[in-house]
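The values are calculated or read from the model by the stated rules, or taken from the named source; none is laboratory data. Nothing here was measured: the structure is a model prediction, and the numbers come from that model. Virtual Cβ from ideal backbone geometry, glycine too; neighbours counted across all protein chains shown. The area values use the complete protein model at the heavy-atom level, side chains included, leaving out ligands, DNA and RNA. Shrake-Rupley method; radii C 1.70, N 1.55, O 1.52, S 1.80 Å.
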Amino acid sequence: MPEILTMDKAVESYGQELHTLDEEVPRQRGKAPDSKMVGEFDRDRYDLARAGKKQVLKRRFGLVSMTGLTCGLMCTWESLMVVFLVGFTNGGPAGLVYGFLIVWLGNISVFISIGELSSMIPTAGGQYHWVSLLAPQTSTKFFSYLTGWLTVIGWISGLTAASYFVAELILALIALNDDSFAPRGWQGTLLLWGGLILCVIINIFMSGALPSIEVFVLIIHILGFFGILIPLVYLSPTHNSAKDIFTMFNNGGGWQTQTLSFFVGIQGNALAFVGTDSAVHMSEEVRNATKDVARSMVVSLVLNGCLAFGMLFALLFSVPYEQIVDFAAESQFPFIKIFEYSVGSRAGASVMTGLIVLLEFCSALGCLAAASRMTWSFARDNGLPFSKELFFIDKRTSIPIVAIMSVTVFSALLAIVNIGNGTAFNDIVSLVLEGFYLSYLIAIGLLLWRRLRGDIREASSSSEVTHYSIPASEGVHSNLRWGPWHLKGTLGIANNMVACSYLILQIFFSFWPGTRQTNAEHMNYAILVTGSVLLFSIGYYLWGARKTYKGPIVEIDLHRL
């Protein structure tokens, strides 16, 4: 049976390790180690110790492999086709183009801000850890706990959503080749479970090869783009004009104004950029994390944005818009019919769709890795029920096996809802946007507040040790230092403001239904689902978690170094 490393053993073993480091590196109290000395015992390990955490996971990922994981998980150009109908119904061709630009630039702003935080505090906990250090002292525990729950639920929902897309695309592919086939909810759920099992097998038994797998995914992600774009544009029998693309709007939801319809439909583009912060939750497995986590997020956004923008134009140029309306009536995923129309054969459309299925599965694979690390990290700080069990680490592989299995089980349980009510399942999946965006907004809002107050100082190369995990009563906020990756001065403040404004806009419209005249079957229950999660987490906090959750646990006293 694999040897397991628990929290108690981790802290105990660290005491012995500290003694070794104290013998290796000469220090003076209040003085940082020489940079050459720091390099000897691993700069990443030292940066993690500044956040109060001990290194227990292996740092397998570099900049390229982490970019591969982030790009593959976001699956932007692929997901844009999957959710294409959302923006086309409310917004139309022009709405999709302009909405994409707003979402793309908004996400770049958000993740530059997230990158600043990850550079300061490179831990797998991400948002809840940052909030615990940035929030006012009177509400540190509560806001940190709430943010942790939102992030965990968001990632579990994200894993479910990615697996759901894979399952439903397989069913749609079968329906494309068999006119008599009528997909059922239980079939989608079984396929979803099968995909989850395969993700678990790869994440556990091939964990050492995961960085190489993600580099391969990045290559397929880029080559697959050209493999679909070229036949889609070249073989299509008709092409629309640029004037149609940039000037034609739709208001399929029957809203009072086209502007309102545009903002309701912008959610489709937003879903295509979900998961960029996966690098944050993998940061304890990334080398040079204070720089490369932020770099991988920004590179992924730029690369995926360019690919997705090109694919969006290919779709809009290649098919008459009245045809798209007909395709939407025939299939949940009209892009499959667009493929068939463009290449003129079901076989060709099947191959192109099969590539999308493969890449969406790679997205689910990355989702499981990031979701399990986030769950493991929150359990490390006693933020979840059964935290001691969830924090188990397999010493042979250095991965959180129990967290991987638990996240998978909860995702599988969520998928059961799809058997009885597909609409209710879609509302559960809507937690992806709300969970992520609310956690981003809390963290970036507090970063902006601290920035305006002047509480975050420039990092000093050699003057003093900065420990981010001293309790608030001991003056933690006076110790906040920028990491090596951040925007300075007014530019940084302006970017944080833009990010907060964008997040507020997205959160507000994510609760709106797709049509003005709606009913119980097509209503957007996202606000009910999100509110229920918030109420449960607050109730659990007041019932017992406030006694056990004290914020991020300090496993390492850096002042001993």
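Two numbers describe the Cα atoms of the range 335-427: Rg and Dmax, which are 18.8, 57 Å. Convex hull volume of the C-alpha atoms in the chain, normalised per residue: 148 Å³. The charge dipole of the chain, taken about its Cα centre with unit charges on the Cβ atoms of Lys, Arg (+1), Asp and Glu (-1) only, comes to about 1260 debye.
With θ taken as phi - 60° and the Karplus curve 6.51 cos²θ - 1.76 cosθ + 1.60 applied, the whole-hertz 3J(HN,Hα) list for the range 225-238 is 4, 6, x, 9, 4, 5, x, 4, 7, 6, 8, 4, x, 9 Hz, x standing for glycine and proline.
Run lengths n ≥ 4 of DSSP H only: what is the helix-derived mean residue ellipticity at 222 nm for the chain, with -39500 (n - 2.57) per run over all residues, to the nearest 500?
-22000 deg cm²/dmol
Measuring between their Cα centroids, the range 72-140 and the range 309-342 lie 26 Å from each other. Please quote Rg/Rh for the range 264-326 to two decimal places, taking the Kirkwood radius as Rh and restricting both calculations to Cα atoms. Expressed as Rg/Rh, it is 1.17.
Would you mind calculating the gained length between H522 and F246 on full extension (0.36 nm times residue separation, minus the Cα-Cα distance), in nm to one decimal? Don't jump to the answer; show the numbers that get you there.
Values: separation 276, 0.36 × 276 = 99.36 nm, distance 2.98 nm.
That pair, H522 and F246, stretches by 96.4 nm at full extension.
With the highest mean first, a sort of the peptides 223-231, 279-287 on other beta-carbon atoms found within 10 angstrom per residue produces 279-287, 223-231. Highest mean first, the peptides 152-165, 405-418, 438-451 sorted by other C-beta atoms within 10 Å per residue fall in the order 152-165, 438-451, 405-418.
Our estimate of slack between F205 and E389, defined as 0.36 nm per intervening residue step minus the Cα-Cα distance, is 64.2 nm. For the range 81-133, the solvent-accessible area works out to 14 Å² per residue, with a probe of 1.4 Å and every protein chain left in place. Measuring nothing but how far apart in sequence close Cα pairs (under 8 Å, 6+ apart) lie, relative to its length, the chain scores a relative contact order of 33 percent. A convex hull fitted around the alpha carbon atoms of the range 161-215 yields 88 Å³ per residue. Note on the range 47-196: semi-axes of the ellipsoid equivalent to its C-alpha gyration tensor, largest first and rounded to whole Å, are 36, 21, 16.
Between amide H atoms placed 1.01 Å from N, distances below 5 Å from M206 occur with no residue 5 or more places distant or on a separate chain.
Computed from phi, the 3J(HN,Hα) profile of the range 375-389 under the Karplus parametrisation 6.51, -1.76, 1.60 (θ = phi - 60°) reads 4, 4, 5, 5, 5, 4, 9, 6, x, 10, x, 6, 4, 4, 6 Hz, with x in place of Gly and Pro.
Protein heavy-atom surface of the chain, 1.4 angstrom probe: 65% of the accessible area is carbon and sulfur, with nucleic acids and ligands not counted. A P(r) calculated from all alpha carbon pairs of the range 147-296, with 5 Å bins opening at zero, reads 2, 6, 8, 12, 17, 17, 15, 11, 7, 4, 1 percent.
Annotation: amide H-H contacts under 5 Å for I399 (H modelled 1.01 Å from N, sequence separation of 5 or more, or interchain): D394. Across the range 53-69, coupling constants 3J(HN,Hα) worked out from phi with the 6.51/-1.76/1.60 Karplus curve, θ = phi - 60°, read 10, 8, 6, 10, 9, 7, 8, 8, 9, x, 5, 5, 5, 6, 4, x, 5 Hz, and Gly and Pro carry x.
Which value results for Rg/Rh of the range 343-387 when Rg is the Cα radius of gyration and Rh the Kirkwood radius based on the inverse mean 1/r?
1.42
The alpha carbons of the range 289-355 give a radius of gyration and a Dmax of 16.4, 50 Å, in that order.
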